[in-house]
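Notes follow the structure.
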Amino acid sequence: MKIQKGFTLFELLLILFILSILVSIVTPYFRQTYSLEQAITQIIMHINHTRFQAQIDYKYQYYPKNNTNKEINTTKFWFKQWWQIRFTNVEDNIFYVVFSDQATNYKTTTFNGRQSASQDYEIALDPLTHEYMVGNDASSSSEYPEQTLYTMNLTKTYGIDRIELSDNYYSSSSMPNNLGKRLRMLFDSSGQIYFREGDTGADSNDIYPYDPQERKSLTKNLIIKFYRSTDFACIRVYPKTGYLEYSKCF
């Protein structure tokens, strides 16, 4: 009777090693198979989630809880804590983040208009996965980078390499390397949508929540165009209601 020889432990480990190399090679190509429609669906869902956060988390503070700069500025500049979604870049990667800017203990100008790596509570948590809703791990928790929601990195996940707007009035600034326009969308407690011009702190001149120079209301349809090479897909944002839809592009 012929005895069949099985795999040795070394041979099994060698096979697993080769398979791991193959998986690491083909995984990026599988990521690129995600459709632009999937990206648009995710973005619309996250914009709506940002609006919902703003409606349930009313930021108005009647008076300082104590005499610290943090509490004084939190009361005076309460509207700078509105929930927002910000599309920007790190090098050639376009990503976005959902956060609520918070006052710090150690600065008089307490709001910097950016999510803070040292203040993880600024960044929203995904209600399903409990991951930080930011597509760049350098901007999220330094202690828990594995909780970053990497699908919010639009370049790495969906291959998106540029964002354009039908009206650049609502852009916060331009990204380098032909990546297109940055975009910052904020929501008040009623769910109304506003757009912000760049990163602004708690300066003494910005004390009115609905200052049109700092928080621009949407007065006409806005189309956000997402490119992947020569292909593209769009989101149409309607004024007043802020309704979003997968739309034909301009």
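Observations, loosely collected:
- Exactly one residue among Tyr246, Tyr238, Tyr194 is within 17 Å of the chain's Cα centre (by Cα), within 18 Å of Ile44 (Cα to Cα) and among the hydroxyl-bearing types (Ser, Thr, Tyr), and that residue is Tyr194.
Yes or no, residue by residue, for (1) of a type outside the set (Phe, Trp, Tyr); (2) surrounded by 20 or more Cβ atoms within 10 Å (Cβ to Cβ); (3) out of contact with any Pro (no Cβ under 7 Å at 6 or more places or on another chain); (4) modelled with pLDDT of 95 or more:
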site: Ser140; (1), (2), (3), (4): yes, yes, yes, no
site: Glu143; (1), (2), (3), (4): yes, no, yes, no
site: Glu146; (1), (2), (3), (4): yes, no, yes, no
site: Tyr150; (1), (2), (3), (4): no, no, yes, no
site: Lys156; (1), (2), (3), (4): yes, no, yes, no
site: Asp161; (1), (2), (3), (4): yes, no, yes, yes
site: Glu164; (1), (2), (3), (4): yes, no, yes, yes
site: Tyr169; (1), (2), (3), (4): no, no, yes, no
site: Ser173; (1), (2), (3), (4): yes, no, yes, no
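- Hits in region 175-196 (condition: under 27 Å from Lys70 (Cα atoms) and either surrounded by fewer than 16 Cβ atoms within 10 Å (Cβ to Cβ) or modelled with pLDDT of 90 or more (or both)): Arg184, Met185, Leu186, Phe187, Asp188, Ser189, Ser190, Gly191, Gln192, Ile193, Tyr194, Phe195
- Among the residues of region 49-64, those identified as in contact (Cβ under 8 Å) with a residue 60 or more places away in the chain, outside any helix (DSSP H, G or I) and of a type outside the set (D, E, K, R) are Tyr58, Tyr60.
- Test: Phe87 is in contact with a Pro (Cβ under 6 Å, 6 or more places away or on another chain) and either charged (D, E, K, R) or modelled with pLDDT of 90 or more (or both): no
- Strands (runs of 3 or more DSSP E) wholly inside region 188-250 that include at least 2 residues being small (Gly, Ala, Ser): none
- So Asn67, is it modelled with pLDDT of 80 or more, touching a Lys or Arg at 6+ places or on another chain (Cβ under 9 Å) and not in a helix (DSSP H, G or I): no
- Complete set of residues in region 165-180 that are in contact (Cβ under 8 Å) with a residue 24 or more places away in the chain and part of a strand (DSSP E or B): Leu165, Ser173, Gly180
- Flag: Gln42 does not match the condition of being surrounded by 21 or more Cβ atoms within 10 Å (Cβ to Cβ) and either within 13 Å of the chain's Cα centre (by Cα) or of a type in the set (D, E, K, R) (or both).
The values are calculated or read from the model by the stated rules, or taken from the named source; none is laboratory data. Nothing here was measured: the structure is a model prediction, and the numbers come from that model. All Cβ positions, even for glycine, are placed from backbone atoms using ideal geometry, and neighbour counts span all protein chains on display.
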